[in-house]
1. Can you sort A:Cys36, A:Cys48 from fewest to most other Cβ atoms within 10 Å of each residue's own Cβ?
2. What share of the DSSP beta bridges in the protein assembly as shown is antiparallel, in percent to the nearest 5?
3. Only counting other Cβ atoms within 10 Å, I'd like B:Glu162, B:Glu44 sorted with the fewest neighbours first.
4. Taking the Cβ of each residue in A:Met69, B:Met339 as the centre, tally the other Cβ atoms inside 10 Å and list the residues starting with the fewest.
5. Just to be sure I understand the model, the point goes 7 Å from the Cα along the line to the Cβ. What's the resulting B:Ser42 to B:Ser65 distance in nm?
6. Loop-only check: which GluC sites (Glu not before Pro) in segment B:343-434 are DSSP coil with at most 13 other Cβ within 10 angstrom?
7. Alpha carbon centre of segment A:65-137 versus segment B:321-395: separation in Å?
8. Kindly provide the trypsin sites (Lys or Arg not before Pro) of segment B:333-387 that DSSP labels as loop, not H, G, I, E or B, and whose Cβ sees at most 14 other Cβ atoms within 10 Å.
Amino acid sequence: MTTVKPILLAEDNPRDAELALAAMEEHHIADKVVVCHDGAEALDYLYCRGNFATRQQGNPVVVFLDLKMPKVDGLEVLRTIKNDVNLKPIPVVMLTSSREERDLAQSYALGANAYVVKPVEFHQFITAVKELGIFWGVINEPPPEGSDPIK
Amino acid sequence: MESVTQERPSTPVPIRSEAVPDSNPEPTPKTSGPMAWFTHWSIERRVLAGFGLVFAGIVVISAVSYRNTAVLIENSRLDTKSHELIQLLGSVGEALDAAESGHRRYLVTGDESYLKSYRTVVEQMPEYLRYLRGLTNEGPEQQARVPTLEQLIARQLGAEAEAIAQRKEHGYEAVRHLALSGAAKKELEGIHRLMTEFDSAEQRVLHARVAQSAGSMKNTIVLLGLGAVLQLILLASVYFLIHHDVTERRRVATELQRRGELLEAANKELEAFSYSVSHDLRAPLRHIDGYAALLSKAAGEALNDKARRYLQTISDSAKQMGQLIDDLLVFSRMGRQDMLRTTINLDQLVKTVLHDLRLDLQGRTISWTMHPLPNVSGDPAMLRQVFLNLISNALKFTATKAETKIEIGSVSRNFGEAEVFVRDNGVGFDMQYVNKLFGVFQRLHRTDEFEGTGIGLANVRRIIHRHGGRTWAEGAPNQGATFYFSLPLARSLR
């Protein structure tokens, strides 16, 4: 069975998640998307524990992170990923409503690979999500599994 | 739709009056009476006056003490002289007595050894007299007695010399009558009388002087005591003044700190609020637009034109509100953001802004009149926003005109301040609404005439106020508008 690497979308708002999925559907990449509804669930997925204990091993091709989420927020998830040798190579894209300088600065300081502000206008939103999905899910070459540049 | 008719409580008061700060915000305490002038003095002036008085007191006390001490020293010198004089007179008297009794013994016995004291007197008398003249040269009364004394002594010694000579030549018999009473009995008595006068006069002067010294000493002590008390009182007042001032300052500092903390808390709250607006308020709008689009896609074929227009309106309204929120966030950020202070070349800044607006300028025929602008002191990004908003406005409200004219220039009426204006020949405005121009969400035109959220000029005013300047405008319907703002000039130009 050929393994299609999934896209992890951490988004607490079900409507935003649905809209994002609708956008990705247009380019037939929606089936690759795994949706987590808060930061804790996203971490469970990444560490294959809790509800995801039985999932197929391997890192997602990209993580889309909302900033403001219940339990564990986006910045916390980002910090955990970038401090873990195994998770570090995963590209992380912040996908958020906030344009606040503080959020931008903190995200990049923690090692985010990109920062995208969700546009209010649906067509722009759809374009943004689509392009992100295509770039990170299709165009961008992900790091090889189990790679550790420090070794 | 016409927001002009809406009255908002937050509407700023007229531009001019708002910009002029209250010149004397602190109420000055009104006091009457002779001390009124003192209460108007600043604390520094009062302390200085206090120290001045202390200093003046020290100078006066020092001068008087110096004078009194000089008198005491002089008196003590004169006292020494008086005592010497009295002593000298005693010695002279004794010597003359000894000479007199010696010469009488010689007259009786003819034994020359009795003439020893006489000869000593004769020998030493000029010295004694010179000394006497020296001791009396400062008192005219005593000085007047000296020649008489000299004469008497000369006569005594002369008479005695004559008697001794007769004894030598003619023997005892010749001087027999003199041997018992002495040759100069009368003179010696005169000398003793004069010496008593001398003595009592000197004692009198001495007593007077002692009394004067004692008085002077007493004065000095009283003055020093009084001066010390006065200085203490003055220093205590100055200390009280300083202490009062320091306490007051400390109180004000504590109060300022408390208010600063309150302000900081309020600012944090505002930041949290605007963050929440930025993040949470936009999400539902995104959903409205998103689901409207999804609905239109899912059921677009089945919908009639009317229903499709409704969907479009839902979508447009959501977008408009999104724009409003974005503008409001920029407005809020302009108020909170830290400000830079650098020298800015406004000519260069306007060029950059026009470059940024080049897309809006396409297809427009505009006659620009650009006057040279001064260098000002301020935040480049913020002032860029000011010109961007004003020039965009000028372009927007001239869009309906066949020929667009925009003029940018400056006038410098006040020292250290530049007044910059942006003038257009657009639709203008009625001066009765001038107070609403710079308010948040205030619009003078219907949205279907000119688009916009009503934040631009509010932002201009906020930025200019943060730079310490003023904003105002002039205009008339269909005759264009002129927007003015003042800014502090760059320091090198002042």
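1. Numbers: A:Cys36 25, A:Cys48 13.
Exposure proxy ranking, most exposed first: A:Cys48, A:Cys36.
2. Details: 24 of 44 bridges.
Around 55 percent of the beta bridges assigned by DSSP in the protein assembly as shown are antiparallel ones.
3. Details: B:Glu162 14, B:Glu44 10.
Placing the least packed residue first, the sequence is B:Glu44, B:Glu162.
4. Values: A:Met69 24, B:Met339 12.
Listed from fewest to most nearby Cβ atoms, that is B:Met339, A:Met69.
5. Taking the two extended label points, one gets 3.4 nm.
6. Values: sites: B:Glu403, B:Glu407, B:Glu417, B:Glu419; in loops: B:Glu403.
Passing sites in segment B:343-434 are B:Glu403.
7. 31
8. Details: sites: B:Arg333, B:Arg336, B:Arg341, B:Lys351, B:Arg358, B:Arg364, B:Arg384; in loops: B:Arg341, B:Arg364.
Of the trypsin sites (Lys or Arg not before Pro), the ones in loops of segment B:333-387 whose Cβ has at most 14 other Cβ atoms within 10 Å are B:Arg341, B:Arg364.
Every number here is computed from the coordinates shown, using simple stated rules; none is lab data. Please read these numbers as outputs of a predicted model, since none were measured by experiment. No Cβ is skipped: glycine too gets one built from the backbone with ideal geometry, and neighbour counts run over all protein chains shown.
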